[in-house]
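Only one structure is covered here, and it is reproduced in the block below.
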Amino acid sequence: MNVLSSTEFDEKFKQNNILYYPWVGQEYSSTNPKILILGESHYYGKDCKKEEKENIDKNQYFTRNCYSEQYTSFTNTQALLANNLLENEYIAKKIAFYNFFSRCIGFAPSDKQFVKKYLEESRELFFTILNILEPQIVIVWGTSNMWEWMPTKPNTPIHDKAYY
């Protein structure tokens, strides 16, 4: 992908101890409505060695790197928002992406061994992200414990300015 993440909010992310900085499109601040895609989590990879795990844990650009690698989930979401399977890269400039869990929660999607350990921290950081990015719409992916922190009905406020 030729689109880069904006660094406009990086100082605020740093001040608020955000471990993995969200992907923020370069036109996010001027886009209306502001859309945050909320994923569930990252995983280390089933063959991840201790040193590699430590490097991932210290890499504040980990989410951005994943988004730039154009995994299917990201490109499918861009296509959905653009209503175009082929010409949708421009969407990456207009949205933000963040994972609810603030750290990797396991070594594969079937391994969520760190969910309970990071749930409280992740909840606090999620609301910090909402305060910093001030999205008007949040599109939520995932089926895990993050839902206990979400409202039970769609179109319900999850923040004073954001709905999911």
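The values are calculated or read from the model by the stated rules, or taken from the named source; none is laboratory data. Fair warning: this is a prediction, and the values are worked out from it, not measured in the lab. No Cβ is skipped: glycine too gets one built from the backbone with ideal geometry, and neighbour counts run over all protein chains shown. These area figures cover heavy atoms from the full protein model, side chains too; ligands, DNA and RNA do not enter into them. Shrake-Rupley method; radii C 1.70, N 1.55, O 1.52, S 1.80 Å.
Tabulated values for the structure
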| item | result |
| --- | --- |
| Ranked order, Glu52, Glu87 - accessible area, probe 1.4 Å, largest first | Glu87, Glu52 |
| Thr128 - accessible surface, heavy atoms, 1.4 Å probe, Å² rounded to 10 | 30 Å² |
| Spin-label pair Gln15/Asn2, simplified geometry with 7 Å Cα→Cβ offset, distance in nm | 3.5 nm |
| Under-5 Å amide H pairs with Gly39, H placed in peptide plane, nonlocal only | Tyr98, Asn99, Phe100, Trp141 |
| Rounded to whole Hz, the Karplus (6.51, -1.76, 1.60) HN-Hα couplings of segment 10-19, x for glycine and proline | 4, 5, 5, 4, 5, 4, 9, 6, 6, 6 |
| Modelled FRET efficiency - R0 45 Å, Leu86 with Glu51, Cβ distances, 0.05 increments | 0.70 |
